[in-house]
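Chemist: One structure, pasted below without further comment.
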Amino acid sequence: MSTWYEQSVFYHMYPLGMTGAPKYNNVSEPASRFQELDRWIPHIHSLGCSAVYIGPLFQSSSHGYDTKDYKNIDLRLGDNNDFCSFVSHCHREGIRVVVDGVFNHTGREFFAFRDIQQNRWDSPYKDWYKGVDFNWQSPLGDPFGYEAWQGHFELPCLNLSHSAVRSYLFDVIRFWIQEFDIDGIRLDCANVLDFGFMKELRCETQAMKQDFWLMGEVIHGDYSRWVNREMLHSVTNYELHKSIYSGFNDHNFFEIAHNVRRLEAIGRQLYTFVDNHDEDRIATKLRLKDHLAPVYMCLMTLPGIPSIYYGGEWAMEGKRSSTSDEALRPAVSMDQEDSLRCSLTALIARLAHIHTENEELHTGRYQELLLTNRQYAFARYGQNSVIITALNNDDAPAVLDIPVPIQASTAEDLLAPEGEDRLLPVEGGRIHITIKGSWGAVLKIKGDT
């Protein structure tokens, strides 16, 4: 039996951007932007998503990752009661809620850093941060130096090997679970977090809430170092993200298939996506917009836990500049939903429902069935059943002859329009199908008994 997160399609929300919150947190009273975020929940449910990853959420100075208070919602969004109501609303709709855990660093307004600024070597928190050294000054004028995340001195790095820091952060997570009833955490910068901290985190959260999910942001490296029984349940599959847009742009399905094969051992546990709050949107990256449809067919049927970034369902474009990510995180109101809806919206919703309803796509074994530069077919296995995805990234229609790996007589085309015959014959252990240009098919095949 698969877990809730293995069955889920996620919807990724960047609340400060999507609500048009001020760039800097200079407010003294909570805003009411959660009223706007609440309005997204019916839309998320209609898309077929059963979980949201929302963040950053907690009090910060600017972009959300310079935390100054882990136990209070950012005033630009609202207050703790507003977030409690949001989570309750999601849960009533059958939607789980995962939040950002920014534990690698804090902002300079965090109480422990402020205490070091004030009390220097007499501060009880001087060991809470990496590399604190009173023999030099930071570039921002502090009477001490410290290790900063990627050289950004507004983000001092926490010392996660210090027991008091760990205890504090575990207490924060316990507070989030008790106060808000969250279902998981996405660990920011998990690629540089202390492994001992993550192992202890797994034990601590497992005791706090059954089926609590830990997902880490990891870009490069051997994902199995983080995803295992001792540490995290999942990490971000940046490798698949890169191979999908590159494979379509270069008409090279071999790149995607190679990546899936290489990650087969843990691929079904990874968090998959085609765009997010840090990456240029897929509608901008693709040279041919017609490829959006088969790209989302890949996302929803290849091994992994798929995620839609807000606006992706409307083919929204966005490209980061050398100094800003704001174009990736635009303000969008639900008042715009009708004008933004397009053919891709309905396709993504159909694919998300297919993913949710078919256990083959949760933890089912992957098998490559057909592979050329421009055509690709693969199977995902269930109990005496398979789902076969067939893709064509050519402009012209393609005739595919696909082997069926189980004994069967018919296949059901899950993407067939209403009113059309959904059944295809399986003849001689093969399916013969014509797929139009820049399109695909998702076929359900039940074994003969």
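Chemist: Can you classify the range 299-437 as rounded, prolate or oblate using the Cα gyration tensor, where a ≥ b ≥ c are the square roots of its eigenvalues, rounded means a/c under 1.5, and otherwise it's prolate if a/b beats b/c and oblate if not? Intermediate values should be presented prior to the final figure.
Modeler: On the way: a/c = 2.02, a/b = 1.98, b/c = 1.02.
Prolate, since a/c reaches 1.5 and a/b exceeds b/c.
Chemist: Skipping prolines and chain starts, which residues have an amide H placed within reach, meaning under 5 Å, of the one on Met13, given they are 5 or more residues away or on another chain?
Modeler: For Met13, the qualifying residues are Tyr53, Ile54, Gly55.
Chemist: Once you have a ≥ b ≥ c as the square roots of the Cα gyration tensor eigenvalues for the range 298-350, tell me rounded if a/c is under 1.5, and otherwise prolate or oblate according to whether a/b is larger than b/c.
Modeler: oblate
Chemist: Something else about it: Rounded, prolate or oblate: which fits the range 350-398, taking a ≥ b ≥ c as square roots of the Cα gyration tensor eigenvalues, rounded meaning a/c under 1.5, else prolate when a/b beats b/c?
Modeler: oblate
Chemist: When only alpha-carbon atoms count, how far does the chain stretch along each of its three principal axes, as whole angstroms with the largest first?
Modeler: 80, 44, 40
Chemist: Okay, next question. Compute the accessible area per residue over the chain, keeping the other protein chains in place, probe 1.4 Å, unit Å².
Modeler: Here the residues of the chain average 40 Å² of exposed surface.
Chemist: Using a 1.4 Å probe and counting only protein heavy atoms, arrange Glu326, Glu412, Glu360, Glu6 so the residue with the most accessible area comes first.
Modeler: Values: Glu326 105, Glu412 65, Glu360 0, Glu6 40 Å².
Result, largest first: Glu326, Glu412, Glu6, Glu360.
Chemist: Sticking with this one: Where does the chain land at 222 nm, in deg cm²/dmol rounded to the nearest 500, when only DSSP H runs of n ≥ 4 count, each adding -39500 (n - 2.57), divided by all residues?
Modeler: -8500 deg cm²/dmol
Chemist: Tell me, what is the 1.4 Å probe accessible area of Arg261, in Å² to the nearest 10?
Modeler: The accessible area comes out at roughly 120 Å².
Chemist: Compute the length gained on full extension between Tyr24 and Phe254: take 0.36 nm times their separation in residues and subtract their Cα-Cα distance, giving the result in nm to one decimal. The partial results should precede the final answer.
Modeler: Working: separation 230, 0.36 × 230 = 82.80 nm, distance 4.50 nm.
Length gained, Tyr24 through Phe254: 78.3 nm.
Chemist: Scan around Val404 for amide H atoms under 5 Å from its own, H built in the peptide plane at 1.01 Å from N, and keep only partners 5 or more places away or cross-chain.
Modeler: Distant-sequence amide H within range of Val404: Arg430, Ile431.
Chemist: Can you list residues from other chains, or at least 5 along the same chain, whose modelled amide H is less than 5 Å from the amide H of Asp66?
Modeler: Correct list: Ser61.
The values are calculated or read from the model by the stated rules, or taken from the named source; none is laboratory data. Quick caveat, the model's predicted, so the values are computed rather than measured. Just the protein is used for accessible areas: all its heavy atoms, side chains included, with ligands, DNA and RNA removed. Shrake-Rupley method; radii C 1.70, N 1.55, O 1.52, S 1.80 Å.
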